[in-house]
2 protein chains.
Amino acid sequence: MSDTTSPWHLARRAARMNPSVIREILKVTEKPGIISFAGGLPSAKTFPVAEFEAACAKVLKDDAPGALQYAASEGFGPLREQVAAQLQSQAAAAGQSWQVNPAQVLITTGSQQGLDLVAKVLIDAGSKILVESPTYLGAVSAFIPMEPEVLGVASDDEGLDLADLRAKAQDARFFYVLPNFQNPTGRTLSENRRVALSQLAAELNLPLLEDNPYGDLWFDAPPHAPLTARNPDGCIYLGSFSKVLAPGLRLGFLVAPKVVYPKLLQAKQAADLHSPGFNQRMIAEVMKDGFLDRHVPTIRALYKAQRDAMLAALAQHFPDALSQPGQSLTWNRPAGGMFLWARLPQGMSAVDLLPFALAKGVAFVPGAPFYADHGDERTLRLSFVTPSVEEIQRGVAALAAAIKARQPA
Amino acid sequence: MSDTTSPWHLARRAARMNPSVIREILKVTEKPGIISFAGGLPSAKTFPVAEFEAACAKVLKDDAPGALQYAASEGFGPLREQVAAQLQSQAAAAGQSWQVNPAQVLITTGSQQGLDLVAKVLIDAGSKILVESPTYLGAVSAFIPMEPEVLGVASDDEGLDLADLRAKAQDARFFYVLPNFQNPTGRTLSENRRVALSQLAAELNLPLLEDNPYGDLWFDAPPHAPLTARNPDGCIYLGSFSKVLAPGLRLGFLVAPKVVYPKLLQAKQAADLHSPGFNQRMIAEVMKDGFLDRHVPTIRALYKAQRDAMLAALAQHFPDALSQPGQSLTWNRPAGGMFLWARLPQGMSAVDLLPFALAKGVAFVPGAPFYADHGDERTLRLSFVTPSVEEIQRGVAALAAAIKARQPA
């Protein structure tokens with residue numbers, strides 16, 4: 001009887017569900033003593049622990065039975081109202097009127113779940129979907145189980161390439177776009193491109209899936225108005241509390257038009273009934289009285305100082321970046337968020353460099369895996385969020401040493 | 001421009017994702033002054049609020065950065081160990097050796113998410129899957145988005161009909177079974193049937209998906225050993241903290257064999273990255289030092305008293321149940337859990353009765369929608385968990401009055 005066949009017959013989609021290359025790389029980089037520019041975690045210094053403590057106590061004191069019981073799949077009413085009001089006022093501040101009805105807000109178990117729900121509701125096996133290239137790999141992981149054909153749209157420093165989008169858009173179910181301080185590149189979609197993208201999407205009848213986890217983390221000026229604010233009936237908007245409060249509560253939200261919302265709600269109900277009501281009340285409690293207006297600027301200040309430290313260290317260690325860009329590391333200047341995007345000298349590969357960088361005491365994530373196709377092997381992602389200013393200085397020095405040692409003569 | 005077509009093209013599966021009949025019925029029954037036997041919610045009296053308060057404070061004091069940061073998709077290590085140890089010791093107490101390796105435990109966002117993950121990993125469009133009939137509708141809602149063909153296996157007071165299972169099992173991806181105090185029937189799979197089911201599943205190479213949210217809520221004696229304990233390589237086990245601690249933290253778990261676990265883990269990562277680390281630590285903190293061994297008996301005692309009150313009230317108001325079963329309401333005697341299953345006199349329909357019952361001040365859920373096919377329209381589900389003993393007595397009296405008024409002469 002020991003030789004019976006396995007009873008398990010896996011679904012076809014399971015063959016495409018595999019650990020991401022980047023997660024595997026991150027495992028290698030998690031060594032003691034290594035300065036990591038590799039991670040994508042918010043700085044734990046920014047978690048408002050005292051406020052969470054007070055909120056836990058208050059929520060349990062005020063209505064423990066409500067907080068601990070099963071609840072509506074849509075989410076906690078007051079939190080949905082807070083989300084709607086905040087989006088509306090941010091859009092107004094960016095000069096765009098956006099009437100956000102709380103009834104169109106769905107609270108999700110992290111914004112990652114929003115990606116899963118959208119995939120279920122919009123993707124059939126073989127459906128074409130479009131993503132920026134490079135893009136957030138977790139989104140691709142969420143889409144893949146529904147067996148789409150994923151096409152990458154080329155992008156540059158101002159965001160996506162609209163001609164490439166037009167060329168690929170026919171019959172696409174949606175275009176997934178991170179307009180602000182994108183993961184992995186730190187790039188922001190310019191206002192001109194936003195206007196053009198909105199027009200093009202309307203012309204092509206192409207739904208946009210707008211993911212905005214980093215939008216509040218601006219350093220110089222608030223982002224331009226969301227794409228969704230410009231055409232709410234043609235977009236789904238995804239947001240997150242992970243970067244402005246804490247990821248460990250696993251709460252995000254989406255805003256969807258009336259034609260799609262009921263199906264996303266059904267998908268949500270089937271996926272986990274509802275997001276934890278206790279956590280939703282904690283966040284609603286912390287957010288009331290404008291806490292984010294006081295708290296988020298402290299996160300911005302911290303990350304901005306660290307971005308500046310990284311830019312300064314890069315300028316110091318790679319003085320030829322402007323004069324001899326092919327012979328030097330080059331990099332962009334993210335206007336917010338958590339990541340900076342860099343490119344190695346000609347002839348070098350970030351994957352090949354990584355072990356030598358680790359030997360010098362610094363880790364990063366190679367950029368090629370973030371591309372839907374034709375990954376640029378010279379690219380790498382550098383997070384400036386977790387290490388201190390001093391560590392950033394040492395880490396960049398170590399990176400420079402590794403590059404110098406490996407650079408073709 | 002106002003007449004443009006909607007850009008949204010929904011996936012084929014969306015057509016099958018609809019609000020459950022029962023949820024719609026529950027909305028009707030949620031009226032002030034109505035005694036509800038309709039709900040499926042644990043009694044809020046059983047939530048260990050003081051312990052949660054202390055655990056929140058402790059978790060944030062001990063390691064707030066860890067509790068609030070992104071975390072491993074597998075779940076919080078100590079909680080996975082607690083789950084493994086508890087399952088192992090419960091199986092041993094039931095006379096069955098079950099080596100549960102914490103590495104095979106995956107923490108899920110409620111056991112509902114376990115159903116979603118299993119569906120993704122095991123169901124292709126058109127795959128045959130088997131469920132008990134009647135069964136938990138939330139499971140069917142979780143399976144449906146992967147577009148299976150769902151077949152019901154007939155069941156009686158001892159659980160499923162093995163001959164019917166054998167007749168339908170060919171090429172089925174799995175059989176979904178709730179062996180203890182099933183929702184909706186309150187039925188328990190007898191030991192004889194468990195032995196026979198295990199043998200049959202092995203013979204047919206049929207994976208079992210064992211769902212056990214109610215197993216700890218036994219009134220008379222602990223349940224027989226789980227099916228998974230008898231054949232861990234051929235089963236996936238789903239468990240929940242919702243009924244022994246609280247649903248509002250949205251935590252459950254699954255135990256899966258090595259051939260399936262990595263794909264379930266990938267599906268989990270894509271679905272919501274991980275379940276809230278803060279909540280996992282809260283539950284791990286509350287559970288340590290054997291808290292459940294002291295707490296769960298108080299839930300059992302409460303629910304048992306309410307079950308007994310319902311049985312007594314039914315016996316009082318329907319004295320002819322044994323002598324003239326066709327002319328009377330009849331019912332079973334659940335040995336645990338939250339639900340009792342009843343059947344109306346000949347010629348009556350539970351759906352038709354409901355508005356008259358509501359007019360008399362009592363609500364229940366008609367049983368027919370729980371069946372995969374050929375629903376028995378005389379059946380109804382009565383929950384004895386939320387109302388007090390006094391409300392149970394009044395509610396059964398109201399039910400009896402409604403039946404008497406509507407019963408064919």
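The values are calculated or read from the model by the stated rules, or taken from the named source; none is laboratory data. Quick caveat: nothing in here was measured; it's all calculated off a predicted structure. Cβ sites come from the backbone with ideal geometry, for glycine too, and all protein chains shown count toward neighbours.
Tabulated data
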{"quantity": "Yes/no for A:Pro134 being crowded, with 21+ Cβ neighbours inside 10 Å and at negative phi", "calculated": "yes"}
{"quantity": "Test: residue in the stretch A:152-162 that is in contact with a Gly (Cβ under 9 Å, 6 or more places away or on another chain) and either buried (at least 24 other Cβ atoms within 10 Å of the Cβ) or of a type outside the set (Phe, Trp, Tyr) (or both)", "calculated": "no"}
{"quantity": "Positions within the stretch A:78-95 being surrounded by 15 or more Cβ atoms within 10 Å (Cβ to Cβ) and either outside the structural domain of A:Gly239 (by TED's automatic domain parsing) or part of a loop (DSSP other than H, G, I, E, B) (or both), in sequence order", "calculated": "A:Ala94"}
{"quantity": "Condition met for A:Ala225 (out of contact with any strand residue (DSSP E or B) (no Cβ under 9 Å at 6 or more places or on another chain) and crowded, with 24+ Cβ neighbours inside 10 Å)", "calculated": "no"}
{"quantity": "Hits in the stretch A:134-170 - residues which are more than 14 Å from every other protein chain (Cβ to nearest Cβ) and of a type in the set (S, T, N, Q)", "calculated": "A:Thr135, A:Ser155"}
{"quantity": "Residue satisfying condition, being in contact (Cβ under 8 Å) with a residue 60 or more places away in the chain, out of contact with any strand residue (DSSP E or B) (no Cβ under 9 Å at 6 or more places or on another chain) and crowded, with 19+ Cβ neighbours inside 10 Å, within set A:Arg187, A:Arg230", "calculated": "A:Arg230"}
{"quantity": "Residue in the stretch B:100-117 that is modelled with pLDDT of 95 or more, more than 11 Å from chain A (Cβ to nearest Cβ) and part of a loop (DSSP other than H, G, I, E, B) present", "calculated": "yes"}
{"quantity": "Qualifying position, being of a type in the set (Asp, Glu) and surrounded by fewer than 24 Cβ atoms within 10 Å (Cβ to Cβ), among A:Asp116, A:Asp171", "calculated": "A:Asp171"}
{"quantity": "Residue satisfying all of: in the stretch A:271-292; more than 22 Å from B:Pro65 (Cα to Cα) and charged (D, E, K, R); nearest to the other protein chains (Cβ to nearest Cβ) among these", "calculated": "A:Asp272"}
{"quantity": "Among the residues listed as A:Asn192, A:Asn205, the single one being under 17 Å from A:Phe175 (Cα atoms) and either surrounded by fewer than 22 Cβ atoms within 10 Å (Cβ to Cβ) or outside the structural domain of A:Val118 (by TED's automatic domain parsing) (or both)", "calculated": "A:Asn205"}
{"quantity": "Hits in the stretch A:192-219 - residues which are over 20 Å from the mean Cα position of the chain (by Cα) and not hydroxyl-bearing (Ser, Thr, Tyr)", "calculated": "A:Asn192, A:Val195, A:Ala196, A:Gln199, A:Leu200, A:Ala201, A:Ala202, A:Glu203, A:Leu204, A:Asn205, A:Leu206"}
{"quantity": "Residue match in the stretch A:368-384 (condition: over 30 Å from A:Leu151 (Cβ atoms) and touching a residue at least 40 places away in the same chain (Cβ under 8 Å))", "calculated": "yes"}
{"quantity": "Restricting the stretch A:356-398 to residues that are touching a Leu at 6+ places or on another chain (Cβ under 8 Å) and in a helix (DSSP H, G or I), the residue that is farthest from A:Arg307 (Cα to Cα)", "calculated": "A:Pro369"}
{"quantity": "Residue in the stretch A:26-44 that is outside the structural domain of A:Ile144 (by TED's automatic domain parsing), aromatic (Phe, Trp, Tyr), at negative phi and buried (at least 19 other Cβ atoms within 10 Å of the Cβ) present", "calculated": "yes"}
{"quantity": "Residue count for the stretch B:354-367, restricted to those that are touching a residue at least 60 places away in the same chain (Cβ under 8 Å) and either touching a Cys at 6+ places or on another chain (Cβ under 8 Å) or within 19 Å of B:Trp331 (Cβ to Cβ) (or both)", "calculated": "7"}
{"quantity": "Any hit, the stretch A:171-185, residues being among the β-branched types (Val, Ile, Thr) and either more than 14 Å from chain B (Cβ to nearest Cβ) or within 20 Å of A:Tyr371 (Cβ to Cβ) (or both)", "calculated": "yes"}
{"quantity": "Members of the stretch B:233-270 that are over 22 Å from B:Leu68 (Cβ atoms), touching a helix residue (DSSP H, G or I) at 6+ places or on another chain (Cβ under 8 Å), more than 8 Å from chain A (Cβ to nearest Cβ) and outside any loop (DSSP other than H, G, I, E, B)", "calculated": "B:Cys235, B:Ile236, B:Tyr237, B:Leu238, B:Gly239, B:Ser240, B:Leu254, B:Val255, B:Tyr261, B:Leu264"}
{"quantity": "Filter pass, A:Leu273 being touching a helix residue (DSSP H, G or I) at 6+ places or on another chain (Cβ under 6 Å) and farther than 24 Å from A:Gln88 by Cβ", "calculated": "yes"}
{"quantity": "Matching residues, the stretch B:50-77, being of a type in the set (Phe, Trp, Tyr) and more than 9 Å from chain A (Cβ to nearest Cβ)", "calculated": "B:Phe76"}
{"quantity": "Qualifying residue in the stretch B:123-130 (condition: buried (at least 21 other Cβ atoms within 10 Å of the Cβ) and without any contact (Cβ under 8 Å) to a residue 40 or more places away in the chain)", "calculated": "no"}
{"quantity": "Positions within the stretch A:298-355 being over 24 Å from A:Leu178 (Cβ atoms), polar (S, T, N, Q) and outside any helix (DSSP H, G or I), in sequence order", "calculated": "A:Ser323, A:Gln324, A:Ser328, A:Gln346, A:Ser349"}
{"quantity": "Scan of the stretch B:118-133 for residues that are of a type in the set (Ser, Thr, Tyr) and more than 12 Å from every other protein chain (Cβ to nearest Cβ), ordered by number", "calculated": "B:Ser133"}
